[in-house]
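Encoded as structure tokens, the structure appears first; notes follow it.
Please treat every number below as a calculation from the coordinates, not as lab data. Here the structure is a predicted model, which means the values were calculated and not measured. Neighbour counts are summed over all protein chains in view; Cβ atoms, including those assigned to glycine, are modelled from backbone coordinates with ideal geometry.
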């Protein structure tokens with residue numbers, strides 16, 4: 001079994017990750033709800049509010065722990081840090 | 001197109017090495033009502049479903065891949081420190097001689113995944129009823145998996161997945177009603 005270099009995973013990593021997961025959970029829930037309730041204005045307002053909040057959380061996470069997404073959806077550093085550990089199943 | 005995000009949908013923690021539980025969890029990895037079946041079922045049906053339901057099938061199908069990754073993470077964490085002896089004691093020795101510690105799309109009994117598990121009838125109501133049934137079967141499977149372990153960390157992740165099945169089932173039921181209304185109160189059964 002290869003050894004996983006947990007790199008710079010610290011307490012703040014888990015804290016920021018959880019905040020992001022919480023925001024994303026609300027967004028997934030609202031998304032599926034809106035798929036079958038497309039005229040709910042309050043839910044749409046909540047969705048758009050969370051989109052902004054989620055974007056800021058992702059920026060904060062990525063600044064400290066590297067890109068969350070591939071294919072041009074996140075900024076990267078030199079050397080190429082997309083491939084850095086940890087991967088999601090390693091934390 | 002799909003974009004990968006380098007995080008789990010919900011944290012996966014386990015409190016011990018438990019290859020026996022990993023073997024059982026394969027039911028939701030490569031089993032008939034597992035997450036691979038779910039993702040491929042919905043993403044395949046969406047090409048022939050009425051427009052009003054394409055978004056829902058796309059989104060739930062995509063979420064199922066996040067669930068597949070959570071199950072994979074559970075299996076990985078439960079087996080990564082297991083010795084061949086421990087795998088043998090858990091009944092995973094046939095898996096070990098074929099795959100070492102690699103994951104494989106098979107059910108808890110070692111039967112490889114097959115597309116025969118998923119249906120695509122082309123009839124929107126038939127397809128959505130299949131989807132509702134699949135979600136209910138997956139919900140039941142998660143409950144039985146929760147009953148099979150005393151690991152509260154693992155149970156936490158499994159409970160999240162169980163609740164997602166409830167929501168998906170609800171949304172598919174709403175989709176059926178949307179299609180019925182669209183077809184002018186036409187009765188389907």
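What to note about this one:
- Per residue of A:34-46, other chain Cβ atoms within 10 Å of the residue Cβ number 3 on average.
- Between the stretch A:21-54 and the stretch B:1-55, the C-alpha centres lie 22 angstrom from each other.
- Most mobile listed residue (A:76, A:28, A:51) in chain A, GNM with C-alpha springs under 10 Å: A:28
- Which of B:104, B:160 has the fewest Cβ neighbours within 10 Å, and the rest in rising order: B:104, B:160
- For chain B, the relative contact order comes to 31 percent (Cα pairs under 8 Å, sequence separation of at least 6).
- Note on residue B:100 and residue A:39: with the Förster distance fixed at 45 Å, the Cβ-Cβ geometry gives a FRET efficiency of about 0.25.
- Helix B:51-79 and the longest principal axis of the C-alpha atoms of chain B enclose an angle of approximately 10°.
- Viscosity 1.306 mPa s, temperature 10 °C, Stokes-Einstein D of the protein assembly as shown from Kirkwood C-alpha radius, µm²/s: 78
- Residues A:75, A:61, B:65 arranged by fewest to most Cβ contacts within 10 Å: A:75, B:65, A:61
- Summed over qualifying helices (DSSP H, 4 residues or more, each -39500 (n - 2.57)) and divided by its residue number, chain A shows a 222 nm mean residue ellipticity of -20000 deg cm²/dmol.
- Cα gyration tensor shape for chain A, rounded if a/c is under 1.5, else prolate or oblate: prolate
- Taking a ≥ b ≥ c as the square roots of the eigenvalues of the Cα gyration tensor, chain B is prolate, since a/c reaches 1.5 or more and a/b is larger than b/c.
- Peptide B:7-14 shows a mean partner chain C-beta count of 5 within 10 Å per residue C-beta.
- For chain B, calculated [θ]222 nm from helices alone, where every DSSP H run of n ≥ 4 adds -39500 (n - 2.57): -20500 deg cm²/dmol
- Listed residues A:21, A:59, A:46, most fluctuating in chain A (Gaussian network, C-alpha, under 10 Å): A:46
- Chain B: angle of helix B:35-45 to the longest principal axis, Cα-based, in degrees nearest 10: 20
- Helix B:124-147 axis, angle to chain B major axis (alpha carbon atoms, nearest 10°): 30
- Residues of the stretch B:85-129 with amide N under 15 Å of a point placed 7 Å along Cα→Cβ from residue B:44: B:113-123, B:127-128
- The modelled label-to-label distance between residue A:90 and residue A:19, using points 7 Å beyond Cα along the C-beta direction, is 2.5 nm.
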